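Written out below as structure tokens is the structure these notes cover.
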Amino acid sequence: MCGIVGLFLKTPSLEPQLGALLSTMLGTMTDRGPDSAGFAVYGDAAAGVKLTLRGADARALAAVVTRLEAETGQDCAARARDTHTVLSVDAAAADAVRAWLADHAPEIDVVSAGRRMEIYKEVGLPAAVADRFDLAGMAGSHGIGHTRMATESAVTTNGAHPFSTGLDECLVHNGSLSNHNDLRRRLRREGVHFATSNDTEVAAGYLSWRMRAGASLEEALQASLTDLDGFFTFVVGTRTGFAVLRDPIACKPAVMAETDAYVAFGSEYRALVGLPGIEAARVFEPEPAKVYAWERH
């Protein structure tokens with residue numbers, strides 16, 4: 001049992017409130033996932049690529065960033081938030097920076113990469129995780145979050161959601177996949193890398209693999225209904241959009257609310273009750289095996 005929340009703003013007027021609204025939604029789902037929590041926020045675009053890094057502690061991470069800048073000559077415009085740091089690098093240098101980290105600081109995790117997306121996650125109660133990273137102070141157009149009750153793997157930060165599916169793409173999941181080990185082996189043969197034993201990371205890798213082969217997000221999600229066994233609810237974030245998919249059985253709870261100003265998702269309705277104008281929203285349960293997607297350019 002885990003909790004998922006998501007908020008996609010249709011209008012820029014609410015963007016300064018995104019983090020505060022998402023933080024409240026995340027905290028409401030604590031009893032569905034007290035082990036760890038994480039969230040992705042889509043804020044201002046960087047000129048190049050934003051790499052979100054995670055270390056054991058802020059001091060160790062700062063030391064690595066200092067070495068990285070000195071040895072590569074890159075000005076990474078590092079911005080620290082607790083155990084995570086966001087680097088802003090030229091798009092042409094992003095691969096070289098990641099290669100340096102892999103060679104010289106393998107203990108540092110690259111949590112996400114993209115022009116707009118930043119992902120933060122840690123072990124602990126959702127409200128505490130949100131406070132550590134000052135989620136309430138973040139602004140943006142949309143965000144997704146997850147509270148985890150570990151069932152398929154250990155309680156670790158690496159096992160927390162969201163998992164990144166590619167540049168500015170990420171996924172949160174409520175449910176369990178029965179064929180993730182077989183699919184992980186198949187995807188590894190296709191060059192997909194996995195850092196954890198979490199079944200959700202396999203789903204994220206699957207979507208990324210499909211989209212790299214030319215599928216749209218909606219097409220990749222539709223194909224997952226055939227290729228992924230088990231039960232699941234996915235909420236996906238992209239640079240410009242937000243998507244939801246439930247498996248054909250749809251045994252995991254899910255509710256959505258839509259107004260002229262936003263679209264919101266919660267594992268339970270109580271995650272949505274604090275949103276502005278919720279009393280006038282169109283509230284509905286997403287249908288099984290149907291891709292819902294919204295986009296804003």
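The values are calculated or read from the model by the stated rules, or taken from the named source; none is laboratory data. Everything numeric here is computed off the predicted structure, so don't read it as measured data. Positions of Cβ are generated from backbone atoms using ideal geometry, with glycine treated the same way; all protein chains shown enter the neighbour counts. Please note that ligands, DNA and RNA were not included when accessible areas were found on the heavy atoms of the full protein model with its side chains. Shrake-Rupley method; radii C 1.70, N 1.55, O 1.52, S 1.80 Å.
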Notebook entry, point to check: Just a yes or no: is a residue in the stretch 172-184 buried (at least 16 other Cβ atoms within 10 Å of the Cβ) and either in the same structural domain as Ala92 (by the TED database) or modelled with pLDDT under 90 (or both)?
Noted result: no
Item checked: Counted residues, the stretch 92-110 - those being open to solvent by 20 Å² or more (accessible area, probe 1.4 Å), within 21 Å of Cys170 (Cα to Cα) and not in a helix (DSSP H, G or I) -> 2
Margin query: List the strands (runs of 3 or more DSSP E) inside the stretch 241-297, counting only whole elements, that have at least 3 residues being under 18 Å from Ser216 (Cα atoms).
Written below: 241-246, 292-295
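Restricting attention to the stretch 169-193, which residues are over 13 Å from Ala204 (Cβ atoms) and assigned to a loop (DSSP other than H, G, I, E, B)?
Looking only at the stretch 169-193, we keep the residues that are over 13 Å from Ala204 (Cβ atoms), and these are 174-176, 178-179, 181-182, 185-186, 188-191.
Residues satisfying the conditions are Ser178, Asn179, Glu190, Gly191.
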Check: For Val255, which of the numbered conditions (1) within 20 Å of Gly19 (Cβ to Cβ); (2) open to solvent by 10 Å² or more (accessible area, probe 1.4 Å); (3) among the aliphatic types (A, V, I, L, M) fails to hold?
Finding: (1)
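Going through Arg239, Arg246, Arg212 one at a time, which residue ends up being buried (at least 24 other Cβ atoms within 10 Å of the Cβ) and in the same structural domain as Ser36 (by the TED database)?
Details: Arg239 fails: buried (at least 24 other Cβ atoms within 10 Å of the Cβ); Arg212 fails: buried (at least 24 other Cβ atoms within 10 Å of the Cβ).
Answer to the check: Arg246.
Within the stretch 112-119, can one find any residue that is assigned to a loop (DSSP other than H, G, I, E, B) and at pLDDT 95 or above? I'd like the intermediate steps shown before the answer.
Of the residues in the stretch 112-119, the ones assigned to a loop (DSSP other than H, G, I, E, B) are 115-116.
Adding the requirement that they be at pLDDT 95 or above leaves 115-116.
Yes: the stretch 112-119 contains one or more residues that are assigned to a loop (DSSP other than H, G, I, E, B) and at pLDDT 95 or above.
What is the residue count in the stretch 49-91 for residues that are in a loop (DSSP other than H, G, I, E, B) and either closer than 20 Å to Gly145 by Cα or assigned by the TED database to the domain that holds Thr240 (or both)?
Here is the first cut: in the stretch 49-91, the residues in a loop (DSSP other than H, G, I, E, B) are 55-57, 73-78, 82-83, 90.
The next check asks that each one be either closer than 20 Å to Gly145 by Cα or assigned by the TED database to the domain that holds Thr240 (or both); those that pass are 82-83.
Count: 2.
If you check Pro12 against the conditions, is it of a type outside the set (Ser, Thr, Tyr), in the same structural domain as Gly237 (by the TED database) and under 23 Å from Phe242 (Cβ atoms)? Spell out the reasoning first.
Working: of a type outside the set (Ser, Thr, Tyr): yes; in the same structural domain as Gly237 (by the TED database): yes; under 23 Å from Phe242 (Cβ atoms): yes.
Yes.
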Margin query: Please determine whether any residue of the stretch 136-152 is of a type in the set (Ser, Thr, Tyr), outside the structural domain of Ser13 (by the TED database), buried (at least 16 other Cβ atoms within 10 Å of the Cβ) and assigned to a loop (DSSP other than H, G, I, E, B).
Written below: no
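Leu225 - would you say it is out of contact with any Pro (no Cβ under 6 Å at 6 or more places or on another chain), among the aliphatic types (A, V, I, L, M), closer than 19 Å to Leu183 by Cβ and open to solvent by less than 40 Å² (accessible area, probe 1.4 Å)? Show your work before the answer.
Numbers: out of contact with any Pro (no Cβ under 6 Å at 6 or more places or on another chain): yes; among the aliphatic types (A, V, I, L, M): yes; closer than 19 Å to Leu183 by Cβ: yes; open to solvent by less than 40 Å² (accessible area, probe 1.4 Å): yes.
So Leu225 fits the description; yes.
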